[in-house]
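Each reported figure results from applying straightforward, stated rules to the coordinates on display, with no laboratory input. From a predicted model like this one, the values you see are computed outputs, not experimental measurements. Cβ placement follows ideal geometry from the backbone for every residue including glycine, while neighbour counts extend to all protein chains displayed.
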Amino acid sequence: MEKGRRLPGWLKMQRASGENYSMVKRVVAENNLHTICTSGNCPNIGECWNAGTATFMILGDICTRACKFCATKTGKPLPPDPEEPSRLAAAIRAMKLRHCVITSVDRDDLSDGGASFWAGTIRCIRKENPGITIEALIPDFDGNQFEILKVAEAGPDVISHNLETVRRLTTLIRTKAKYDRSLQVLNYISESGTVAKSGIMLGLGETNKEVAETIRDIYSTGCKVITIGQYLQPGKDYMEPVEYVTPEKFSEYRALALQTGFSHVECSPLVRSSFHAENHVKAQ
């Protein structure tokens, strides 16, 4: 996260320390795993790791895209590691998780975007951790319905795909991804019978009207869960926030999303896609 720029008081983050934090750090390291918490410089790493949970990132830590809001490394990825699913399943067991969130880098270099690897990972986790619930935070797979359904058929409880921002700003901050394509991805997820979830960031210069339109667009896909949080610059080479949206404004957007019909809404400055994710399984 950005350093040297004074943040408003409502963006105070929990310190990363304590027994659970050390346990998560150790288990991740021992199993040679990646997390978006560290790769993306997430401001909630303190709260989540202190609570003994993390958002795991599969298919390596090098992304084929270079979105202007994300600190994950970009470049030519290594081949998928066939042992990664079993190591992840073992880490989840060691952490005694009842719910896990998995995401991945974009793998445009793979013929199926990594969908088969995704499906195999989900099945491996379930085999080694009976009774666990799983959220899969997926890339867009170039909008390929077959690949998206391949992930859905593996049986995650929630499939999330983030729209990230409003239509006008999509080409400014997202690489290759398209606003309407992401809406179609959410529609495919919903039609599969899996709980669909999406998230957006505020503070990039969007207007109130654009946020309202985006909330309605996401809901129109059959999406049940939405997360809305403040964009924070993950490093000096990334876009700076245009503004810090007040908690009062977030409360207004939360009310709007609930009024629109979402089953579950997480909407406050420090919300990220996996924030309180265990609660989203229940969204119907």
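Here are the numbers:
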quantity	calculated
The range 232-284 versus the range 123-193: alpha-carbon centroid distance in Å	18
Label point distance in nm, residue 96-residue 32, each placed 7 Å from Cα along Cα→Cβ	2.8
At 1.002 mPa s and 20 °C, Stokes diffusion of the range 49-145 via Kirkwood alpha-carbon radius, µm² per second	152
Rg(Cα)/(2.2 N^0.38 Å) for the range 93-138, N = residue count	1.25
Taking only Cα atoms of the range 15-282, radius of gyration then Dmax in Å	17.2, 47
Alpha-carbon spread of the range 207-272, three principal axes, descending order, Å	37, 24, 20
Cα-Cα P(r), the range 166-284, percent of pairs per 5 Å interval	2, 11, 21, 25, 21, 13, 5, 1, 0
Potential lengthening between residue 145 and residue 208 on full extension [0.36 nm per residue; Cα-Cα distance subtracted]	19.5 nm
Pair residue 11, residue 171: separation of 7 Å Cα→Cβ label points (nm)	2.8
Least to most buried among 111, 263 (fewest other Cβ within 10 Å first)	111, 263
23 Å Cα-Cα reach of residue 96 towards lysines, excluding residues that sit fewer than 8 places from it in its own chain	25, 127, 282
Set of aspartates and glutamates near residue 176 by C-alpha distance (under 18 Å), chain-local residues within fewer than 8 positions excluded	106, 108, 109, 112, 140, 142, 147, 164
Neighbour-count ranking [beta-carbon atoms within 10 angstrom, fewest first] of 215, 148, 62	62, 215, 148
Amide H contacts under 5 Å for residue 74, placed H, 5+ residues apart	63
Footprinting exposure proxy for 100, 70, 124 (fewest neighbouring C-beta atoms within 10 Å first)	124, 70, 100
Length added when fully stretched, residue 216-residue 249, from 0.36 nm per residue minus Cα-Cα	10.2 nm
Spatially proximal aspartates and glutamates relative to residue 236 (Cα-Cα < 12 Å; intrachain offsets below 8 disregarded)	2
Theoretical FRET efficiency, 1/(1+(r/R0)^6), r = Cβ-Cβ of residue 83 and residue 237, R0 45 Å, to 0.05	0.90
